[in-house]
Amino acid sequence: MDVIERSTYLIAILKVQRFILFFLPALFHSFLLLMLSVLATSITTPIASAQEQFERPKIGLALSGGGARGAAHVGVIQVLEEMHIPIDYIAGTSMGAIVGGLYASGMSSDDIAKQMEQMDWISMFQDKPTRPERTQRLKDDDNTYLFEGRVGVSASGLNFAKASVIGQKFDLVLKSLTLPVIEISDFDNLPIPFRAVAMDITTGEEVILSEGDLALAMHASMAIPGVFSPVKLNDKLLVDGGAANNLPVSVVRAMGADIVIAIDISTPLLKQDELKGALSIISQLTGLLTRRNTEAQIKTLTKTDVFIVPDLGAIETMSFELVTEAIEKGMSAAEIQKQELTILSIDKEHYQSHVDEQSGKTKQHVDTVIHFVRFENDSKLDEQVLRDHFGVKAGQPLELDKIELGISKVHGLDIFESVTYDLVTEQGKTGIVVEAKQKTWGTDYLQAGIELSSDFSGSSSYNIGLAYTAKPINRLNGEWRTGVQLGEDPGVFTEIYQPLDSGARYFTHGGLSWTNNVVSLYNDDISRPEAAYDVAEWKLRLAVGRNFGNWGDARIGVARITGNADVSIGAPALEDIDFDDGYFFAKGRVDTIDNLDFPRFGTSASLEWLGSSDSLGADNDYDQVNLELGHARSWGDDSVIASIGYGSTISGDTPINNRYELGGFMNLSGLNRDQLSGQHFALITLAYQRRFFKSRFISTYAGAAIQAGDVWEDKNDMSTTDLLASGTLFVGTDTPVGPIYLGFGHAEGGHNSGYLFLGRPFFK
C-alpha cells in the first residue's frame, strides 16, 4: 500500500471514529429512551386495563305513569340498590316523575317508600284546608246547608274551576320533599340528571321539563286532566304526560343512556265484558291513548335494555291505600329479572363511590336564617294582610313547618287559586318568595243547597237555598253575602263581614233578614199540637268581635226584631200576634271540631247571653242564657260524640219568635221536627259511629245514639225526672252535596219515626 492509499485509509478510519464518538451519546440516549419506553409500556398496560375494566355503559331509568301503581317503581329501585346497579339518568311520567324526581333529588328508595306509605293521600288531593285550620268565619259556613261546590262569578260571567283539585297541598308536600335541592334549577345538576314528561294541553305535544322548580315539574307531569288543574309553565298549560309519552325511553336515551331499564306500571286496558258504563268507556279511551305511545316506546328497546312489568293485579290508579303492596310487587318483578340485571352490577367499592359522588350534589338547608320575605300578589288584598296571615318574618330561622302553616293560612283566606313559595338566594342572602295567584274563575261565587227531612209517616220538610258571596270587597278581605231560601222555612238575608285590621283579629258583622217558620205549642199530650203559628219576622243584627286564631271568637252586639205570628192551628179564641223585640247579646265560642257532619275529634263550645230591653223597642224585658258543649274522640275508625245543650229564660217571658224547640232526627229522634217548644230546654246526647268505608270523594258511617231532653214553660218545673229518652240507629254518607242519613228513631211514650235526612244533626 503506498503512502497515498495509506493516508486515505487513515483519514477514513478517523472519520468513522469521529462519527461514532459524535453520535454514540445520541445513540445511547435513544437506546435508553427506547428501553424506558418499553419498560413504561410494560408497567402502564396493566393500569390502563384496570381502568378500562371499570369503565361501564351509562344506565338510565324510564319510569311510566300509572297513579298509585307507580309505587312499584320504588320496589324495583330498592332491588337495583341492593344489586349495586348505578343509575346515571332518570326520566319519568306522572307518578313515574314523582318517584324518579325524588330519587334524582338524592332520596333513597327506602325513604321514598316510607314517605309514600305514611302519606295521607286523600287529604293531599284536597285543596281546602282541614276544618281546624280554617278561620272561624269559614267554619261558620259549615252551619249552613250550602253545597261546597261553587260557581265563580266574574266580569266574564259564570265560571267553573278547571278541575276538582288545584294541587295546593300536593305542591306543599312535593316542595318539602325536594327542599334539599330547592336552589338547583338545572335538572342536570341534580344528584342524578332528571327529566319530567308533561303534555301541552293546547297542542297535545310532549313537553320535556329539564329545568326550573323540581316540585312544580313533578306536579305538572302528574296533573291528570279533569282531576288536577293544568299547570301554567313557560307560557304553556301542562297536564299529565301519559297521553304524550307514558314510558319515556326516548327521553332517557337522549340524555345519554347506553342501557335503559324501563319499568311499565301503566293500567291495562279493559276487556269487552268490563266496558259496562260511561265512566269505563271514558277510562278506556284514555287508556288507549296512553297504551299506544307506550307500545311505541317498548318497540325501541334493544337486547341490552331491561324491561320490567310488575304484576300489579287489582291495584288501580287511585288505590293509594295499597302502596305497600305495590312496592312489594315491584320488588318481586325485579327479583324475577335478576339474571338480566346482574350484568349491570358493579363492585361495592365503586358503587359506593358512585353514590357518594351523587350525594355530594345535595345542598342541605340547616340553621339558615330568613333575610327577607317577598310576595307576588295579584289580588286586591293589601300585602300586609298576606304578611300578617303568613306570619314568617325576616330574621327568623328557616323552619319548614312554620312556612307550610303560613302558606295554609294565606290560602285559607279563600281568595287564591294557589299559594306557593320558593327559597331564593340574592346577594348571598336567603329569602322566601310567596306567590299568591287569585282564583282565575272569580273570587265571587254562587252556592246552592238543599235540606230535606222526612219521617216516612207523612211529616216532611225541605228547604232549597241559593246564596251569592262577593269577596274581597276591599283590601282587608271584607265579605258581602246575600241569599234566598224557599221551602218549609222561606227567607231572605244579606250580611256583611268586615275585618278591621290586616290580621283579621277584630271584625264587625251585620245582617238584615226576613224569615218565616212554624212554631207549634203542645200541652201535656205531645202527640198533637194545641196551637201553631206562622211566624214571620224581620231582624237587624250588628256586632263587633275578636277572633282568637283559628279556634274561636267572641262578639258583642245588638239585635232589633219586628214581626207577626198568625194562627194556623188552634181554638177560635186565639188571636194573631204582632211583636217587637230588641236585645243586647254577648257570645263566646270555641270550635276545633274536624267535621260537623261526622265528627271524629275536637271540641265545640259556646256560651251566649241575650238581654232584651224596651229601650231597644222590645215589647217586654227578658234574659236568656244558652250553653252548648260537644266533644268528639276517635280510635281508628270508631268515634264517640258527646254533647250537652241547655237554654233558659232566666227572667221575663220569651216572645214566640225566640222559644226553644226540640224534635226531629238526632234532636230527640222519634218526635216530629220541632214538636216541642218552651222557654227552657235541656238535651244530652251520646253517640257512637264507625266509619266502614273511606275514599277521596265519600266516607260512609253507621252508628247509634241515645238522648235525654225536654222543654219547660216554667223554670221551676225543670227536672231531670221529666227528661224524655230517645234512641237512634243510622247509616250516613258524607257526599259532595252534603251529609245524607237513613235512620230510625224511638222516643219515650211510643213515638217512632224513620228518617231520610239531608242536613247536619250533630253540631249546628
**Prompt:** Within a Cβ distance under 14 Å of ILE85, other residues only, what is the Lys/Arg minus Asp/Glu net charge?
**Reply:** -4
**Message:** Treating only the Cβ of Lys, Arg, Asp and Glu as charged (+1, +1, -1, -1), what charge dipole size does the chain show about its Cα centre? Round to the nearest 20 debye.
**Reply:** 2920
**Complete:** With the 1.4 Å probe rolled over protein heavy atoms, the chain has an accessible area per residue in Å² of 48
**Asked** Using the Karplus equation 6.51 cos²θ - 1.76 cosθ + 1.60 (θ = phi - 60°), what ³J(HN,Hα) coupling, rounded to whole Hz, does each residue of segment 132-139 give in order, writing x for Gly and Pro?
**Response** x, 7, 7, 5, 4, 4, 5, 5
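Could you put PHE307, PHE757 in order of accessible surface area, largest first, with the 1.4 Å probe and the full protein assembly present?
Result, largest first: PHE307, PHE757.
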**Prompt:** Which entries in LYS139/LYS694; LYS587/LYS694; LYS539/LYS587; LYS409/LYS539; LYS175/LYS393 show an alpha-carbon gap greater than 29 Å?
**Reply:** LYS587/LYS694; LYS409/LYS539
**Request:** Any chance you could give the angle, 0 to 90 degrees and rounded to 10, that helix 71-82 forms with the longest Cα principal axis of the chain?
**Result:** 30
**Prompt:** Roughly how tilted is helix 168-177, in degrees to the nearest 10 and between 0 and 90, from the longest Cα axis of the chain?
**Reply:** 40
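For the chain, what does -39500 (n - 2.57) per DSSP helix run (n ≥ 4), summed and divided by total residues, give at 222 nm, in deg cm²/dmol to the nearest 500?
Value at 222 nm, helices only, nearest 500: -8000 deg cm²/dmol.
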**Request:** Taking all pairs of distinct Cα atoms, average 1/r, flip it, and tell me the Kirkwood hydrodynamic radius of the chain in Å to one decimal place.
**Result:** 31.3
**Prompt:** Taking K and R as +1 and D and E as -1, what net charge do the other residues with C-beta under 14 Å from the C-beta of ALA243 add up to?
**Reply:** -3
**Request:** Kindly identify segment 312-453 as rounded, prolate or oblate by the Cα gyration tensor criterion: order the square roots of the eigenvalues as a ≥ b ≥ c, call it rounded if a/c is under 1.5, otherwise compare a/b with b/c, prolate if a/b is larger, else oblate.
**Result:** oblate
**Request:** Please name whichever of HIS680, SER719, LEU607 sits farthest to the positive end of the charge dipole of the chain, dipole taken about the Cα centre and charges placed at Cβ: Lys and Arg +1, Asp and Glu -1.
**Result:** LEU607
**Prompt:** What translational diffusion coefficient, in µm²/s and rounded to a whole number, does the Stokes-Einstein relation yield for segment 416-520 at 20 °C and a viscosity of 1.002 mPa s, taking the hydrodynamic radius as the Kirkwood radius over Cα pairs?
**Reply:** 122
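According to the Cα gyration tensor, what semi-axes, each the square root of 5 times an eigenvalue, does the equivalent ellipsoid of segment 670-740 have, listed from largest to smallest in whole Å?
33, 13, 9
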**Request:** Return the Cα extents of segment 380-442 along principal axes one, two and three, sorted largest first, each rounded to a whole Å.
**Result:** 39, 20, 19
**segment 572-595 and segment 445-524: distance between their alpha carbon centers, rounded to Å** = 14
**Message:** Please compute the Kirkwood hydrodynamic radius of segment 607-689 from all pairs of different C-alpha atoms, in Å with one decimal.
**Reply:** 14.6
**Message:** For segment 143-273, compute Rg over Rh where Rg is the Cα radius of gyration and Rh is the Kirkwood radius from the inverse mean 1/r over Cα pairs.
**Reply:** 1.05
**Message:** Give me a comma-separated list of calculated 3J(HN,Hα) values for segment 553-563, in order, Karplus coefficients 6.51, -1.76, 1.60 applied at θ = phi - 60°, integers in Hz, x for any Gly or Pro.
**Reply:** 7, 9, 8, 10, x, 9, 9, 10, 10, 9, x
**Complete:** Taking segment 509-601, the whole-percent share of alpha-carbon pairs separated by over 22 angstrom is 55
**Message:** Going Cα to Cα from LYS338, which lysines come in below 23 Å? Please leave out same-chain ones fewer than 8 positions away.
**Reply:** LYS58, LYS299, LYS303, LYS329, LYS348
**Asked** With every protein chain kept in the model, how would you rank ARG195, ARG505 by accessible area, 1.4 Å probe, largest at the top?
**Response** ARG505, ARG195
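The values are calculated or read from the model by the stated rules, or taken from the named source; none is laboratory data. Note that the structure is a prediction, hence the values are computed from the model and not measured. Virtual Cβ from ideal backbone geometry, glycine too; neighbours counted across all protein chains shown. Side chains included, ligands, DNA and RNA excluded: accessible areas come from the protein's heavy atoms. Shrake-Rupley method; radii C 1.70, N 1.55, O 1.52, S 1.80 Å.
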